[in-house]
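Comments concern the structure below.
Read-outs throughout are calculated quantities, based only on the coordinates presented, and are distinct from any laboratory measurement. Bear in mind the structure is a predicted one, so any value in this text is a computation, not a measurement. So basically every Cβ, Gly included, is an ideal-geometry build from the backbone, and we count neighbours across all protein chains shown.
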Amino acid sequence: MNPNWKNVRSPGEGASASAANALIRALTIAAGAADSARGPVYRLPTGGSGRGLASAGGGHPIASAGTPAGSGTMTRVQALRIIQGDATVPQAAGPKIIAHICNDLGGWGKGFVLAVSRRWPEPERAYRRWHRERAGNDFGLGAVQLVQVRPDIWVANMVGQHGMRAGSGGPPIRYEAVARCLGTVADQALRLGASVHLPRIGCGLAGGRWERVEPIIVEHLCARDVPTTVYDHN
């Protein structure tokens, strides 16, 4: 095993945007308590349990779902920022993670991955090896591979798409796998002190719907106080 690979665990699945917005409206908020060209690659298998708090709010501390009133348990929620731009050119200072969706067949040749490969060869190379050696590793839906491409930038290859074409089971997107992946990314962002940057993940070739993806992002990143930006590319 590569000595630079590390294992972590991730939280569970997402909640709805309407519930997130309703929660914010309903609550009265109270403040509560390597070298640069070839960085290390981390394989991050998933697991664990627990549900986060969904919200579409901006930097508000709010009580987690199911927390008794007056318990004093509060969670800060970062605003989800959506801007025009290129997610491979993240607009933030400090450490940054660029997260995107991959399929579980080892295919890397269409969509956002092309923009990633134009900037850095390491994420594609690492993903293809991860898939090729899948008999002996954790490759599969819900798994994440974190690849360092610069001293302050990592690319998170997130396996959240089953196959590459829609079939009788619907589009390739697998929302529960995306939720597990984002939980793992949040763990690593908190460990690194990093912000997270994404295109509208799962809504291109994977066939997902943004109204389902957005609350998953909010629950697993924003609700854990991870600064998160989504980029709309012209």
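Assorted remarks:
- Cα gyration tensor shape for the range 116-234, rounded if a/c is under 1.5, else prolate or oblate: rounded
- A simple packing score, the average count of other Cβ atoms within 10 Å per residue, orders the peptides 216-229, 88-101 as 216-229, 88-101, with the highest score first.
- Distance from the C-alpha centroid of the range 167-195 to that of the range 83-127: 14 Å, rounded to the whole angstrom.
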